[in-house]
Amino acid sequence: MNTEGPYEVAIVGGGLVGAALARALRGAPVALVAQRPENFREGAATFDSRAYAISPGNAAFLAQLGAWSAIPRERLTPVHAMRVFGDDGSSMIEFDAYSAGVGELAWIVEDGLLQDALWRGLDQQERLSIFSTASFEKLEIAERQASIILSNGQKIAARLVVGADGARSLVRAQAAIPAEEHGYGQSAVVANFRCSRPHRNLALQWFQGGLKEGAVLALLPLPGDQVSMVWSAGEAQAARLLALDGAALGREVAAAAQHALGELLPVTPQRAFPLRRLAAQRLAAPRLALAGDAAHVIHPLAGQGANLGLQDARALAAVLAAREPFRDPGDLRLLRRYERSRAEAVLAMRATVHGLFRLFEAKGTALSRLRNAALNLADRIPVLKNVLMRHAMD
């Protein structure tokens, strides 16, 4: 069997997290086992219906990697404020960049353009080898190194293997790391619309309460007069939304958004993604680390899933760069540093997001009054709002 390596790190998965980590480990001998993402596209003209709210901290990280500057400036949309509405028609909490003393709360970036930026130039990166003709099949862990067996029989040896291969991670399964996983009984329906009123770089979100199975509607600003919709809804409602023609969907979204942006005209067809939550029991094992969706998946109501994954890449790259000269990159004691560095942030975000979902999913007049009163109360406590903003902006 032909064996490549040994590499310092072998990354399985070439999505946002895997590609970002590969760029962050520039200069080290790294193997990336991944096919170029399907939505990789050079200079695409149409807006992608799937978009991310990238935190300022992660935008700075992507800038350090040289990826941020590869995204056309006219396709980056700053979020200057965010309004979150309760399900009683009157409760609200607002976050404002100016009040927080920052330029923006987040940047809205299309999935395809961010994938493009991260992959551009990867094949020219010094000491990076990309294996894209065969898929990951088997993981072998030995005392001094780990080995990846590909579907074509090729073997890749590395001091450390990083599983960044998504929620259905084969690396996690091969390493026998248990994961708690539950479905939300929802799908996220996404589409883009042109709005008749200016969005003014404002992100809007509506909790729709127990009567709609905890549905959450978000409208995120895109360049010009366009918005990206993410409507997390129960399976029956999601199926109905998918079956609507563009004009009918636009009318329904506009009504659900209380006509805040006026008339909404479809720009892209709607798509849907099933929603689940997942938490791996641990992020590190001998010669193995998990990152991104392979480690944790949360509900998109806070828009923080991609940010958590990019923070994983930042943290793991920093731990590997700061290790002692004698320390092997696959040493479990070293990898525990990465795991500990992520524990608090991941747990806090998981608890917050899941707690909000359950609170607004619950039926009953008393609970409805409680959650909406809490939303209004939080809006009146600047210190609490600043804590929430700072955590989400990392």
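One residue stands out among those in the range 45-59 that are over 16 Å from the mean Cα position of the chain (by Cα) and within 24 Å of Gly303 (Cα to Cα): the one that is modelled with the highest pLDDT, which is Phe47.
Listed by first and then second residue, the pairs with beta-carbon distance under 7 Å, at least 6 apart or on different chains, first residue in the range 23-43 and surrounded by fewer than 18 Cβ atoms within 10 Å (Cβ to Cβ), second among the hydroxyl-bearing types (Ser, Thr, Tyr) and at pLDDT 90 or above, are Pro29/Tyr7; Gln35/Ser132; Arg36/Ser132.
Selection over the range 321-344 of residues that are of a type in the set (A, V, I, L, M) and within 15 Å of His296 (Cα to Cα) gives a count of 1. Checked against (1) within 25 Å of the chain's Cα centre (by Cα); (2) surrounded by fewer than 15 Cβ atoms within 10 Å (Cβ to Cβ); (3) of a type in the set (S, T, N, Q); (4) at pLDDT 95 or above, Ser196 passes all but condition (1). For the range 220-314, the strands (runs of 3 or more DSSP E) that sit wholly inside it and include 1 or more residues that are closer than 30 Å to Asp165 by Cβ and more than 19 Å from the chain's Cα centre (by Cα) are 226-234, 288-290. Taking the conditions (1) part of a strand (DSSP E or B); (2) of a type outside the set (Lys, Arg); (3) surrounded by fewer than 22 Cβ atoms within 10 Å (Cβ to Cβ) in turn, Glu324 satisfies each one other than (1).
Taking into account only those residues within the range 70-98 that are in a helix (DSSP H, G or I) and over 20 Å from the mean Cα position of the chain (by Cα), which is nearest to Leu356 (Cα to Cα)?
We begin by selecting, within the range 70-98, every residue in a helix (DSSP H, G or I); these are 70, 73-75, 97-98.
Checking which are over 20 Å from the mean Cα position of the chain (by Cα) leaves us with 73-74, 97-98.
Values: Arg73: 34, Glu74: 34, Ala97: 23, Tyr98: 26 Å.
By that ranking, first place goes to Ala97.
Summed over the range 159-189, the residues that are modelled with pLDDT under 95, on the phi > 0 side of the Ramachandran plot and open to solvent by less than 30 Å² (accessible area, probe 1.4 Å) give a count of 0.
Within the range 69-104, being under 12 Å from Pro56 (Cβ atoms), open to solvent by 30 Å² or more (accessible area, probe 1.4 Å) and in contact with a helix residue (DSSP H, G or I) (Cβ under 6 Å, 6 or more places away or on another chain) holds for one residue alone: Glu104.
Looking at Val267, Val230, Val253, which is the one that is touching a Lys or Arg at 6+ places or on another chain (Cβ under 8 Å) and either under 20 Å from Glu110 (Cβ atoms) or of a type in the set (Asp, Glu) (or both)? Outline the logic, then answer.
Working: Val230 fails: touching a Lys or Arg at 6+ places or on another chain (Cβ under 8 Å); Val253 fails: touching a Lys or Arg at 6+ places or on another chain (Cβ under 8 Å).
Just a single option satisfies the conditions, and that option is Val267.
Report, by residue number, each residue of the range 124-158 that is of a type in the set (D, E, K, R) and open to solvent by 80 Å² or more (accessible area, probe 1.4 Å). Glu126, Arg127, Glu137, Lys138, Glu143, Arg144 - these are the residues of the range 124-158 that are of a type in the set (D, E, K, R) and open to solvent by 80 Å² or more (accessible area, probe 1.4 Å).
The values are calculated or read from the model by the stated rules, or taken from the named source; none is laboratory data. Source: prediction; values computed, not measured. Every residue, glycine as well, gets a Cβ built from its backbone with ideal geometry; the counts of neighbours run over all protein chains shown. Ligands, DNA and RNA are stripped out before the accessible areas are found, and what is left, the full protein with its side chains, is counted by its heavy atoms. Shrake-Rupley method; radii C 1.70, N 1.55, O 1.52, S 1.80 Å.
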